[in-house]
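Trainee: This is the structure I have questions about; it appears just below.
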Amino acid sequence: MSKIAYIDDQPFEIQDGETILQFIKRYKEEDTVPTLCDAPNLDPFGSCRICSVDVALEKDGPAKTLASCHTPVVEGSYIYPESGRVQRLRRNIMELVLTDHPLDCLTCEVNGNCELQTVAAKVGIREVRYPEGKHHLDREKDLSHPYMTSDLSKCINCYRCVRACDEVQGQFVLSMSGRGFDSKIIKGNDTSFMESDCVSCGACAQACPTSAISDVFQSKSIAATETTRTVCTYCGVGCNLEVSKRNGEILSIQAPFDAEANEGHTCLKGRYAFKFYDHPDRLRSPMIKRNGEFEEVSWDEAYDFIVDNFKSIRAEHGPDSLAGISSARTPNEENYLMQKFMRAVVGTNNIDCCARVCHSPTALGMQRSFGTGAATNSIEDIQHTECILVIGANPTDAHPVTGAKIKQFAMKGNPLIVVDPRKIELVKYAKYHLQLRPGTNVALLNMMLYYIIKEGLEDQEFIDSRCEGYEEFKENILKLDMDEMEAITGVEKELVREASVAYATAKAAMEFHGLGVTEHSQGTFAVMQIADLAMITGNIGRKGVGVNPLRGQNNVQGAADMGAQPHQGAGYLDVTDPEINHRYNTFYGRNVPDHIGYKIPEMFDAAIKGDLKAVWIIGEDVVQTDPNTQKVIKALSNLDFLIVQELFMTETAKLATVILPGASFLEKNGTFTNGERRIQRVKQVVEPLEGTKADGQIIIDIMNRMGYEQPDYSPDTMLEEISQIVPFFKGVKWDELGDNGKQWPVLEDGTDSKIIHIEEFKRGKGKFHYFDFRESQEIEENGKEYPYIITTNRELEHYNCGAMTRRTGNVEILTEDLLMINPEDAKKHGIDDEDFVCVESPRGKVDIKARVTDEVKPGILSSTFHFPDIMLNNITSDIHDSEALCPEYKVVSVNIRKARKVEKRLKEQRKKSAGGVMEKETSPWNKEK
């Protein structure tokens, strides 16, 4: 029987657990009850009391005035949101609030970001009777940050910024200092944004009702005339963005509170790092290299040149002499078109994407274990789990919105297990940190599986009913020597046992993994062991559990889904299967090849051998991001023809025969698929810059010129075509995706899937696999001469090769790649903090500035690859995962010494590097400040 409460004597049904404010908002106009301290993504707080309402327990009974934002609805109660007493109280409260704020807000016509105007008008305030309060206190404006500014004389102490920093980001930078009249908001130890531990997520600026803290863009007081909802171009979280613009110029970005992927939160990249879209460095014309120099040409000339060369190379050397590398930064529809072009038009399966160098072991390993190579659950399930295992991932840096949710989970006292060679930020909140030696994931996961079996913690019912291969697997696991595994991993076996028990005994345990699992020679095996962990404990097919890869690039899941890989076409269908081949042939109206094409590392080998003659690369700077840079350069230089489709003159673009200027995510329509299989609409915010084109239209133009008819690009018609060939996109329609998209598989009736493998696995029964640990070939061959191990990572402020983020204000926050080195190793080599270190491997050497820290163990080094003046991948190896050919970025044998004076030389390199660090004096961000 439904529960009833009354609003102005009218009965309405109550929902369990809702507050009075939520109850009123469901049935009345949004602004019936004014609020100040309340915010959609924050817990109820009740500090301002503007939301007060009268509540009686019986009709015509005595009423109490209560803050509606945090008071639960009581069945049978009578609520009066606008009684005379309540309206008088609100006016008085509002007058008191305004004494702590510049009084011109009542007449201000400029600052459209101040909620006080709206609330004051709502409660009927026209003047303030009380004397001015503390807004006169001497509070200097904080202009230290490239994106955020604060003028705390406008602060009304509503605590929204403090709560956003605590509850949304979990950073605790903002706090209240002083008492009574002297109370004030401070950053850190009363420092500036830049001096504090602020991670620049902007949650405080979005929460502030008075512009006491605001975005630099908003502080210009330019009102936007239009907003567009789209999806972030950076990591695989898939944050929804609300982009504001005026006269074709993007002014600011905020996060919509109703976004299921990010719930009103972003990181600094999604919220602020968008100014690359119209940066002066953007490529704005097709170019052809003649006599070693690039010449600007028309689109028609570029197209004719490409088509003539493709046709002549194919005629002379066959279709397998051409290859394509698609982009995880472009929408599904464009990736689909690229693989279709290579298969149906060129006639080769030589098509791959950056999933090869990041999560190809995830896709392959999970397909072998479960039948599907994608996340089993949704990020929302963090609210329903009891234990989280994070292995080989640093989500607070690489996937910050999800990382913040995991951090909040751990800060509430829930068990978090972190398996990582570094003391990443999450370690501070973790119950268990298994700090293993890089490259020993297989050994450590075998230890966890061993202890789960030894302690009798298997879910035997799940194993018997839903899995196969367990007895042989168990037999091999129990043969392992834990003392030997302890020596291999460097992690105490008792600590591993405790963590294993915590994972296995939780009623629901959730796993997240990243490139620290996949970018190893045994990467695919480690993914299959993670699947073993989930199956042996029954943590599959329900809320709060599962195996959940953290996808590195925004659409790396979608690129693979669309068939941008050499062994599987669109929808992960096997290109060697005669039935599938016939299906593709019929659908595309062309004979599609039935043999597996080149993976990216094989493309480089074939180019060096002379078998591969031409490559078309879209949106990937393989010279800077792929391993063994000199080999990549040698391969690309040996091609007869190289097309690079890009936003900027990257290190790869410099080697091109033809450069095609593509469009950014803000200039196109399509869909991205995030790490939880969520297909979301990317909507065009501004027109492509003059001289550039959307990548999908470029592909279509060339398809038509090569004799294959393809209609002009439109996301709705492209999705219609995709839904006919990709089984799990069957019910996907552009107009039905809405604001939050749908998680595949999407059935024909439009029903989507929050969780997969609920009753059975895609392959039928889940398959257990056992693998022995094997030392990396890199260590076996080079470990004695090069005794240190360097592992690569990412930093929060930059993204991949940095081509986009280095052209934004982010470069003022993090200006260079640094080498993490343990104090013991630094002392041994006479290296101080900020000294330059020469890091040498069998492939080459780089000079990089030291950051002495205990974040890494002795013998272990770590660095990033965001800046082309360092080119860290000059030293990484050519060793790959044995199954998926994913490069082993995480284990590189090196030696170190204190470098000779290199600062002058590095500055010269930096000037020569296209898109290098912006010099301070020329930064447009400094001019704004």
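Results for (1) in the same structural domain as G619 (by TED's automatic domain parsing); (2) within 30 Å of C387 (Cα to Cα); (3) modelled with pLDDT under 95; (4) touching a helix residue (DSSP H, G or I) at 6+ places or on another chain (Cβ under 7 Å), shown as yes or no for each residue.
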residue	(1), (2), (3), (4)
N539	no, yes, no, no
Q557	no, yes, no, no
G563	no, no, no, yes
H567	no, no, no, no
I580	yes, no, no, no
D594	yes, no, no, yes
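Trainee: Another question, then. In segment 212-255, what residues are among the small types (G, A, S), buried (at least 24 other Cβ atoms within 10 Å of the Cβ), out of contact with any Leu (no Cβ under 8 Å at 6 or more places or on another chain) and in contact (Cβ under 8 Å) with a residue 40 or more places away in the chain?
Mentor: Hits for segment 212-255 are S214, G238.
Conditions (1) surrounded by 19 or more Cβ atoms within 10 Å (Cβ to Cβ); (2) at pLDDT below 95, marked per residue:
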| residue | (1), (2) |
| --- | --- |
| K827 | no, no |
| S841 | yes, no |
| T853 | no, no |
| I860 | yes, no |
| T864 | yes, yes |
| D869 | yes, yes |
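Trainee: Same structure, new question: Give the residues of segment 428-481 that are of a type in the set (G, A, S) and in contact (Cβ under 8 Å) with a residue 12 or more places away in the chain, sorted by residue number.
Mentor: Hits for segment 428-481 are A430, G439, A443, G469.
Trainee: Go through segment 489-499 and count every residue that is more than 12 Å from H433 (Cα to Cα) and either among the polar types (S, T, N, Q) or in contact with a His (Cβ under 9 Å, 6 or more places away or on another chain) (or both).
Mentor: The qualifying residues number 1.
Trainee: Also, quick follow-up: Going through S200, S196 one at a time, which residue ends up being buried (at least 16 other Cβ atoms within 10 Å of the Cβ), in contact with a Pro (Cβ under 9 Å, 6 or more places away or on another chain) and not aromatic (F, W, Y)?
Mentor: Of S200, S196, the one residue that is buried (at least 16 other Cβ atoms within 10 Å of the Cβ), in contact with a Pro (Cβ under 9 Å, 6 or more places away or on another chain) and not aromatic (F, W, Y) is S200.
Trainee: For T629, indicate whether it is in the same structural domain as V685 (by TED's automatic domain parsing), closer than 26 Å to V846 by Cα and touching a residue at least 40 places away in the same chain (Cβ under 8 Å).
Mentor: yes
Trainee: Related question: Would segment 214-230 turn up any residue that is under 29 Å from Y429 (Cβ atoms) and of a type in the set (A, V, I, L, M, F, W, C)?
Mentor: no
Trainee: When you scan segment 703-710, do you find a residue that is surrounded by 22 or more Cβ atoms within 10 Å (Cβ to Cβ) and either in contact (Cβ under 8 Å) with a residue 40 or more places away in the chain or assigned to a helix (DSSP H, G or I) (or both), even just one?
Mentor: So far as segment 703-710 goes, no, none of its residues is surrounded by 22 or more Cβ atoms within 10 Å (Cβ to Cβ) and either in contact (Cβ under 8 Å) with a residue 40 or more places away in the chain or assigned to a helix (DSSP H, G or I) (or both).
Trainee: Going by the structure shown, is D854 under 29 Å from C267 (Cα atoms), charged (D, E, K, R) and part of a loop (DSSP other than H, G, I, E, B)?
Mentor: Criteria met by D854.
Trainee: Among the listed residues L612, L660, identify the single one that is touching a residue at least 12 places away in the same chain (Cβ under 8 Å), crowded, with 23+ Cβ neighbours inside 10 Å and outside any strand (DSSP E or B).
Mentor: L612
Trainee: Condition first: crowded, with 24+ Cβ neighbours inside 10 Å and modelled with pLDDT under 95. Can you find one or more residues in segment 569-578 that meet it?
Mentor: No, segment 569-578 contains no residue that is crowded, with 24+ Cβ neighbours inside 10 Å and modelled with pLDDT under 95.
Trainee: Write out, first by first residue and then by second, each pair whose Cβ atoms fall under 8 Å of each other, whose residues are 6+ apart or on separate chains, and whose first residue, in segment 641-657, is under 15 Å from W616 (Cβ atoms) and at pLDDT 95 or above while the second is basic (K, R) and part of a strand (DSSP E or B).
Mentor: As it stands, the answer is A656/K289; T657/K289, since those pairs meet every condition given.
Trainee: Output the number of residues of segment 711-729 satisfying the condition of being in contact with a Phe, Trp or Tyr (Cβ under 6 Å, 6 or more places away or on another chain) and either of a type in the set (A, V, I, L, M, F, W, C) or touching a residue at least 24 places away in the same chain (Cβ under 8 Å) (or both).
Mentor: Residues in segment 711-729 being in contact with a Phe, Trp or Tyr (Cβ under 6 Å, 6 or more places away or on another chain) and either of a type in the set (A, V, I, L, M, F, W, C) or touching a residue at least 24 places away in the same chain (Cβ under 8 Å) (or both): 5 in total.
Trainee: Looking at this structure, is E797 closer than 25 Å to P627 by Cα and either at pLDDT 95 or above or acidic (D, E) (or both)?
Mentor: So E797 fits the description; yes.
Trainee: Quick one: in segment 663-676, which of the residues that are of a type in the set (S, T, N, Q) and within 24 Å of T362 (Cβ to Cβ) is surrounded by the fewest Cβ atoms within 10 Å (Cβ to Cβ)?
Mentor: T671
Trainee: Among the residues of segment 1-41, what is the count of those that are surrounded by 13 or more Cβ atoms within 10 Å (Cβ to Cβ) and under 30 Å from C155 (Cβ atoms)?
Mentor: 15
Trainee: Residues that are closer than 21 Å to G403 by Cα, at least 3 per element: which helices (runs of 4 or more DSSP H) completely within segment 147-222 meet that?
Mentor: It comes to 160-163, 203-207.
Trainee: Looking at (1) in a loop (DSSP other than H, G, I, E, B); (2) under 26 Å from E242 (Cα atoms), find the lone condition where D716 falls short.
Mentor: Unmet condition: (1).
Trainee: Could you list, in sequence order, all residues of segment 596-628 that are at pLDDT below 95 and hydroxyl-bearing (S, T, Y)?
Mentor: Once the filter is applied, which keeps residues that are at pLDDT below 95 and hydroxyl-bearing (S, T, Y), segment 596-628 yields only T625.
Trainee: In segment 751-778, what count of residues is obtained for those that are outside any loop (DSSP other than H, G, I, E, B) and either assigned by TED's automatic domain parsing to the domain that holds N628 or more than 17 Å from T376 (Cα to Cα) (or both)?
Mentor: 2
Trainee: Residues that are touching a residue at least 40 places away in the same chain (Cβ under 8 Å) and within 34 Å of the chain's Cα centre (by Cα): which strands (runs of 3 or more DSSP E) entirely in segment 274-365 hold 3 or more of them?
Mentor: Filter on segment 274-365 gives 322-325.
Trainee: OK, next. Out of all the residues in segment 315-337, which are in contact with a strand residue (DSSP E or B) (Cβ under 6 Å, 6 or more places away or on another chain) and not hydroxyl-bearing (S, T, Y)?
Mentor: If the condition is that a residue be in contact with a strand residue (DSSP E or B) (Cβ under 6 Å, 6 or more places away or on another chain) and not hydroxyl-bearing (S, T, Y), then L322, A323, G324, I325, P331, N332, E333 are the ones that fit.
The values are calculated or read from the model by the stated rules, or taken from the named source; none is laboratory data. Worth saying up front: this structure is predicted, and the values here are computed from it rather than measured. For neighbour counting, all protein chains shown are included, and Cβ atoms are generated from backbone atoms with ideal geometry for every residue, glycine included.
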